Amino acid sequence: TPPSLREAKLLAARLLLGRVRKSFNVPPSAEFVARPVGICSMLRLPVRASADGLDAAFVGVPLDTGTSNRPGARFGPRQIRAESAMVRRYNASTRAAPFDSLLVADVGDVNVNLYNLPASCRLIREAFQKIVASGCVPLTLGGDHTITYPILQAVAEKHGPVGLVHVDAHTDTGDRALGEKIYHGTPFRRCVDEGLLDCSRVVQIGIRGSSYAPDPYKYCREQGFRVVLAEDCWLKSLVPLMAEVRQQMGAKPVYISFDIDGLDPAYAPGTGTPEIAGLTPSQALEIIRGCKGLNIVGCDLVEVAPMYDVSGNTALLGANLLFEMLCVLPRVKTM
């Protein structure tokens, strides 16, 4: 191609992107801007100081003070952002066009206190109260699973008790550890205590692993949760399960909380409490895509600890799953 014609095509593409950006933020194409160029933001989106005026926002919570095994999830948001440079504008499989539908940006990180877990929970709750009050749907990059508790405090303050699609190896419904009531094994117990969840609309998928009690899921069943064990998901599509979940959730507000250890450590080794024989990435996509049509008011992807996976694949999975969550938000159009 002659240089003049090539330059004309580049100029036309930039003008087209410029027209789109008057209404929406669009991730830059690697055809025109090299992936390593620019500030490291989620999906290479603009970084905004607040969620005001946004339809959806990516927000990092770099906290791992609540971990019970291997630390490191405080570095999850940073690595997820770095790996998200590979994620493009459209979802070619589902035909979702989130950036043609919603105004989305990265609003940075909550300034947590790494030395005081209760104080961090307060800081997280206050930050998300502002995000939710603005009418913006938060998509959170964790951080350990403790963070979901203060996030749901903020979400339920606006929407009332919410339904929950929870993907995890663990139910995270413990009561105490080492005398403490707040850590990454207790968030959903605390949420039940405070009436933040509509317990008849809670589904936990991928649960597995050894336990300290002969009936580790007794508490969940008593609350009315549906617990789907990982072994009940082996070697099968989860599309039928998600049809049942959609019916159960109905039209009321729903929150998605996805612990990366819900996936088998063969696919996602970069996490603090890995359990063998978990879900596959394709099943993870079936779960998230199966939430399309629900009244989703918030999402999170937690427990990515990058130093246990030098390949970056765990964070890459996390980035793609967050993109999939964005694609199933209400008002996202299809091509």
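Rank S41, S237, S50 by mean-square fluctuation in a GNM of the chain with C-alpha springs under 10 angstrom and give only the top-ranked residue.
S237
If you split all Cα-Cα distances of the chain into 10 Å bins from zero, what percentages do you get per bin, shortest first?
Pair shares across the bins are 6, 27, 36, 21, 7, 2, 1, 0.
So, by mean Cβ neighbours within 10 angstrom, what's the order for 267-275, 171-179 with the highest one leading?
The peptides rank, most packed first, as 267-275, 171-179.
When only C-alpha pairs under 8 Å and at least 6 residues apart count, what is the relative contact order of the chain, in percent?
21 percent
Let me spell out the model: positive unit charges on the Cβ of Lys and Arg, negative unit charges on the Cβ of Asp and Glu, origin at the Cα centre of the stretch 267-330. What dipole size does that give, in debye rounded to 20?
Approximately 200 debye in magnitude.
Sum -39500 (n - 2.57) across every DSSP H segment of at least 4 residues in the chain, then divide by the residue count to get the 222 nm mean residue ellipticity, nearest 500.
So the calculated ellipticity at 222 nm is -9500 deg cm²/dmol.
What angle, in degrees between 0 and 90 and rounded to the nearest 10, separates the Cα long axis of helix 117-133 from the longest principal axis of the Cα atoms of the chain?
50 degrees
Could you list which residues have their amide H under 5 Å from that of F225, counting only those 5 or more apart in sequence or on another chain, with H placed in the peptide plane?
Answer set, sorted by chain and number: none.
Which listed residue (I124, L114, S93) has the Cα farthest towards the positive end of the charge dipole for the stretch 76-127, taking +1 on Lys and Arg C-beta and -1 on Asp and Glu C-beta about the Cα centre?
S93
Place the peptides 116-128, 77-89 in order of packing, highest mean first, counting for every residue the other Cβ atoms within 10 Å and averaging per peptide.
Going by the mean number of other Cβ atoms within 10 Å, highest first, we get 77-89, 116-128.
Accessible area of the chain with a 1.4 Å probe: how many percent of it is carbon plus sulfur?
55 percent
Going through the cross-link list K158/K218; K181/K218; K130/K252, which pairs have a Cα-Cα distance over 24 Å in this structure?
The answer is K158/K218.
Between the alpha-carbon centers of the stretch 246-274 and the stretch 192-241, tell me the distance in whole angstrom.
11 Å
For the stretch 280-289, just list the computed ³J(HN,Hα) in residue order, Karplus coefficients 6.51, -1.76 and 1.60, θ = phi - 60°, integers in Hz, with x standing in for Gly and Pro.
Working through the residues one at a time gives 9, x, 5, 5, 4, 5, 4, 5, 5, 5 Hz.
Would you work out the relative contact order for the stretch 151-209, in percent, from Cα pairs under 8 angstrom that are 6 or more residues apart?
48 percent
Run the Debye formula on the Cα coordinates of the stretch 174-237, all scatterers equal and no solvent, and tell me log10 I(q)/I(0) at q = 0.25, 0.28 1/Å.
-1.23, -1.34
Ignoring ligands, DNA and RNA, what accessible area per residue does the chain give at 1.4 Å, in Å²?
43 Å²
Using mean Cβ contacts within 10 Å as the protection proxy, how do 326-334, 228-236, 141-149 order, highest first?
Ranked by mean Cβ neighbours within 10 Å, highest first: 141-149, 326-334, 228-236.
What is the dipole size for the stretch 171-267, taken about its Cα centre, with +1 at each Lys and Arg Cβ and -1 at each Asp and Glu Cβ, in debye to the nearest 20?
Charge dipole, the stretch 171-267, about its Cα centre: 240 debye, nearest 20.
Treating only the Cβ of Lys, Arg, Asp and Glu as charged (+1, +1, -1, -1), what charge dipole size does the stretch 82-143 show about its Cα centre? Round to the nearest 20 debye.
Magnitude of the dipole: close to 140 debye.
The values are calculated or read from the model by the stated rules, or taken from the named source; none is laboratory data. Please read these numbers as outputs of a predicted model, since none were measured by experiment. Glycine also receives a Cβ, built like all others from the backbone with ideal geometry; neighbour counts cover every protein chain displayed. The protein model used for the area step is the full one, side chains on, heavy atoms only, and it has no ligands, DNA or RNA in it. Shrake-Rupley method; radii C 1.70, N 1.55, O 1.52, S 1.80 Å.
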